[in-house]
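What follows is a set of notes on a single structure, which appears directly below.
The numbers here are math on the coordinates, done by the rules we state, and not lab data. Owing to the predicted nature of the structure, the values given are computational and were not obtained by experimental measurement. Every residue, glycine among them, receives a Cβ derived from its backbone with ideal geometry; neighbour counts consider all protein chains shown.
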Amino acid sequence: MSYAFSLASTALFVIAVQNPVLIGGLGSSEAFRMAAKPKWLLAFSAFISMFSVSLSIICVLLDLIPEIKALNQHFHYLIYIGVLAALYLASCLIAMLLKADKGLISRLSVAALNSLVLSIPMINHLSGFNIYKAAGYGLGAGAAFCLAVLLINAGVKRLRENDEIPPAFKGSPAVFIYAALISLGLYALSGRVLMI
């Protein structure tokens, strides 16, 4: 029971308080792109979760090997990149064997090579997470991405309807300001202090 609680509480913490997309900016360029056309949002979020959880679990297990654990940070990052590349190639191979749509395969590549996915095992390693917390962080990252895109998408719709926005701020500038305000709000909820 405590393992399930550890996984779930870490995932909820990532989604609600430590949203790495809105607060950390990880994967934010794809979040803005996806907010404009959220047709693939659920699939893309699932891909991010799949890669994040798989990568997290494999990397936590690799860190149990004393020789790998003794390596410095740079080698850990290279190992994480290698594991992610292997996961990506395996998922592409499976998708091709199942004769998946080319659009699906291209979404797989964008999800796998997203900065959000690669940052997850690094955060797990630096935080000293066990396998359950690492898996929870991976699940939370995919859900946090989905939440960020939904919030940005809702803002885009509202901002388009607002006639009081000056023409110079219409479109992307207004969306970036909107996302920055959401980020500040989430940052405030986390209890951390922002030094300007």
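So, counting K/R as plus one and D/E as minus one, what does the shell of residues with Cβ under 12 Å around Val149 add up to?
Details: positive: Arg33, Lys37, Lys39; negative: Glu30.
Around Val149, the charge tally is +2.
What is the distance in Å between the Cα centres of the stretch 153-188 and the stretch 43-109? Answer, in whole Å: 34.
Among Val83, Val117, which comes first, then next, by fewest other beta-carbon atoms within 10 Å?
Values: Val83 17, Val117 29.
Least crowded to most crowded, the residues run Val83, Val117.
Looking at the stretch 67-104, the trypsin sites (Lys or Arg not before Pro) that sit in a DSSP loop and have at most 15 other Cβ atoms within 10 Å of their own Cβ are Lys99.
Working note: Karplus 6.51/-1.76/1.60 with θ = phi - 60° gives the stretch 60-67 the couplings 5, 5, 5, 5, 6, 6, x, 5 Hz, where Gly and Pro are set to x. Placing unit charges on the Cβ atoms only, positive for Lys and Arg and negative for Asp and Glu, gives the stretch 2-189 a dipole magnitude near 420 debye about its Cα centre.
Expressed in nm², what is the orientationally averaged projection area of the convex hull enclosing the Cα positions of the stretch 102-158?
Working: hull surface 19.7 nm².
With the hull built on Cα positions only, its mean projection is 4.9 nm².
When we measure straight from the Cα of Lys133, which aspartates and glutamates land under 15 angstrom away, once same-chain ones fewer than 8 places off are left out? Correct list for Lys133: Asp63. Counting only residues at least eight positions apart within a chain, or on another chain, the lysines with an alpha carbon under 23 Å from that of Lys157 are Lys37, Lys39, Lys170.
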